[in-house]
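> Take a look at this one; I'll ask things after.
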Amino acid sequence: MKRLCTLLIGLLLGVLLFMMPSCVHDPIYDIDDNMNDTMDIDTTDTDTTMMGDPCDPGKVYFERDILPLLQTNCAFSGCHNEESAQDGVILTTYEQVINSGVVTPFRLDNSDLYEVLTDEDEDDRMPPPPAQRLSVEEIQLVSNWILQGATNDSCDYEIDCNTDNIRFSVEIQTILESGCISCHNASLPSAGIRLDSYDQVVQQVDRGRLLGAIRWEAGYVNMPFGGVQLSDCAIEQMELWIDDGMPNN
C-alpha cells in the first residue's frame, strides 16, 4: 500500500512538472535578423539630401556653366550689374536674367542674349569691343542652355583647379580676359591701368596693386570693379605665378 502511494505521488508530480512552462525556450525573435532589419530601416530612412545632386554630363546648368560667363563678361560696372543696368538689363542672378526678358526658353530666335553674343556687327555684339567675343564653346553652352529650357538647375560639382606649371599664356591670360582686360586695355585704360600685355601686368604686380585688388583687401579698389570677385582658384593661380617669378611662358 505504501509503495502504491509513493508511485501515485511520483506520477502526480511528473504530470505537474510536464504541465509547467519550460524555462529553456527559443528566443522570441532572432537577434541577428532583428539587427539586419534595423539597419535596413535606418538606411531607408536616412536623409540623403546632403549627398547632393550629381551633375548630368549632357546638361547645361545655370549656376555652374552660365552664371560665371555672365559675371565675367557682362554683369559688372558700366554694363549689366545692378548699378549700371544698361538698357534695363541686369545679368547678376537667374531671376534678373529672366526678368530682363533677354531669354526665351527653347527659342534662340527670340533670345536677345544669344543674338548679341553671335552678332557679326561689332556695334551690336556683346561683350562690346575691345573685349573679346565669347569663345565658340562658351556660346554653345548658352545656346544649349536656352534650348534645354533656360532652367535654374544646379548640381554638386568641384572646380578642377590647376596649380601646377601656371603659364601666363594660358591660366593668367584667361583670368585677365575674363575679368580685367575689358576695362584695362589700350583703348580703355581705366584708372590709367592696362592689363592687356605681359609687360603691363608685370608693371602692376611690381607696383603692388594687382594682388590687393583681386583679393579685395582693405585699401584697394575691389576688382573686377562692380562685379563678382574672382574665384579662389583664379586668385591662387595668380599668386602661384607671381611667386614663381612671373615667367612669360
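The values are calculated or read from the model by the stated rules, or taken from the named source; none is laboratory data. Since this is a predicted model, take the numbers as computed values, not measurements. When we count neighbours, we look across all protein chains shown, and the Cβ atoms used for this are built from the backbone with ideal geometry, even at glycine.
Yes or no, residue by residue, for (1) assigned to a loop (DSSP other than H, G, I, E, B); (2) over 15 Å from residue 68 (Cβ atoms); (3) of a type in the set (S, T, N, Q):
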position	(1), (2), (3)
115	no, yes, no
120	yes, yes, no
134	yes, no, no
139	no, no, no
143	no, yes, yes
154	yes, no, yes
160	yes, no, no
164	yes, yes, no
175	no, no, no
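> I want to confirm something. Restricting to the stretch 177-192 and keeping residues that are out of contact with any Asp or Glu (no Cβ under 8 Å at 6 or more places or on another chain) and without any contact (Cβ under 8 Å) to a residue 40 or more places away in the chain, which single residue is surrounded by the most Cβ atoms within 10 Å (Cβ to Cβ)? If you could, list the steps in order and put the result at the bottom.
Quick first cut of the stretch 177-192, residues out of contact with any Asp or Glu (no Cβ under 8 Å at 6 or more places or on another chain) only: 177-180, 182-183, 187-192.
Those still in the list that are without any contact (Cβ under 8 Å) to a residue 40 or more places away in the chain too: 189-192.
Numbers: 189: 14, 190: 17, 191: 11, 192: 6.
Restricting to residues being out of contact with any Asp or Glu (no Cβ under 8 Å at 6 or more places or on another chain) and without any contact (Cβ under 8 Å) to a residue 40 or more places away in the chain, the top hit is 190.
> Exactly one condition in (1) within 24 Å of residue 176 (Cα to Cα); (2) surrounded by 18 or more Cβ atoms within 10 Å (Cβ to Cβ) is not met by residue 118; state its number.
Just one mismatch for residue 118, condition (2).
> Just need a number here: residues in the stretch 90-115 that are under 19 Å from residue 182 (Cα atoms), out of contact with any Asp or Glu (no Cβ under 8 Å at 6 or more places or on another chain) and not hydrophobic (A, V, I, L, M, F, W, C). Reasoning before the result, please.
Looking only at the stretch 90-115, we keep the residues that are under 19 Å from residue 182 (Cα atoms), and these are 90-92, 113.
Checking which are out of contact with any Asp or Glu (no Cβ under 8 Å at 6 or more places or on another chain) leaves us with 91, 113.
Remaining after also requiring not hydrophobic (A, V, I, L, M, F, W, C): none.
Within the stretch 90-115, residues that are under 19 Å from residue 182 (Cα atoms), out of contact with any Asp or Glu (no Cβ under 8 Å at 6 or more places or on another chain) and not hydrophobic (A, V, I, L, M, F, W, C) number 0.
> Please verify whether residue 56 is at pLDDT 95 or above, in a loop (DSSP other than H, G, I, E, B) and surrounded by fewer than 14 Cβ atoms within 10 Å (Cβ to Cβ), treating the condition exactly as stated.
Working: at pLDDT 95 or above: no; in a loop (DSSP other than H, G, I, E, B): yes; surrounded by fewer than 14 Cβ atoms within 10 Å (Cβ to Cβ): yes.
In short, no.
> Additional query: Given the criterion touching a residue at least 12 places away in the same chain (Cβ under 8 Å) and charged (D, E, K, R), identify the matching residue among 206, 196. Spell out how you get there, then give the answer.
Values: 206 fails: touching a residue at least 12 places away in the same chain (Cβ under 8 Å).
The unique qualifying residue is 196.
> Oh, and also: In the set 127, 105, which member is under 28 Å from residue 157 (Cα atoms), assigned by TED's automatic domain parsing to the domain that holds residue 142 and either touching a Pro at 6+ places or on another chain (Cβ under 8 Å) or surrounded by 17 or more Cβ atoms within 10 Å (Cβ to Cβ) (or both)? Lay out the reasoning, then the answer.
Values: 105 fails: either touching a Pro at 6+ places or on another chain (Cβ under 8 Å) or surrounded by 17 or more Cβ atoms within 10 Å (Cβ to Cβ) (or both).
On inspection, the qualifying residue turns out to be 127.
> Going by what's in this entry, would residue 237 be described as part of a helix (DSSP H, G or I), over 29 Å from the mean Cα position of the chain (by Cα) and within 25 Å of residue 68 (Cβ to Cβ)? Spell out the reasoning first.
Numbers: part of a helix (DSSP H, G or I): yes; over 29 Å from the mean Cα position of the chain (by Cα): no; within 25 Å of residue 68 (Cβ to Cβ): yes.
Judged against the criteria, residue 237 is not a match.
> Follow-up question, since we're still on this one. Looking at 170, 142, 136, which one is within 28 Å of the chain's Cα centre (by Cα), modelled with pLDDT of 95 or more and either surrounded by fewer than 17 Cβ atoms within 10 Å (Cβ to Cβ) or within 23 Å of residue 63 (Cβ to Cβ) (or both)? Break it down stepwise before answering.
Working: 170 fails: modelled with pLDDT of 95 or more; 136 fails: modelled with pLDDT of 95 or more.
That would be 142, the only listed residue that is within 28 Å of the chain's Cα centre (by Cα), modelled with pLDDT of 95 or more and either surrounded by fewer than 17 Cβ atoms within 10 Å (Cβ to Cβ) or within 23 Å of residue 63 (Cβ to Cβ) (or both).
> Only one of (1) in contact (Cβ under 8 Å) with a residue 24 or more places away in the chain; (2) in a loop (DSSP other than H, G, I, E, B); (3) surrounded by 15 or more Cβ atoms within 10 Å (Cβ to Cβ) is not met by residue 83, so which one is it?
Only one criterion in (1) in contact (Cβ under 8 Å) with a residue 24 or more places away in the chain; (2) in a loop (DSSP other than H, G, I, E, B); (3) surrounded by 15 or more Cβ atoms within 10 Å (Cβ to Cβ) is unmet by residue 83, namely (3).
> Only one residue in 230, 211 is buried (at least 17 other Cβ atoms within 10 Å of the Cβ) and out of contact with any strand residue (DSSP E or B) (no Cβ under 7 Å at 6 or more places or on another chain). Which one? Please lay out each step first, then the result.
Numbers: 211 fails: buried (at least 17 other Cβ atoms within 10 Å of the Cβ).
Only one candidate qualifies: 230.
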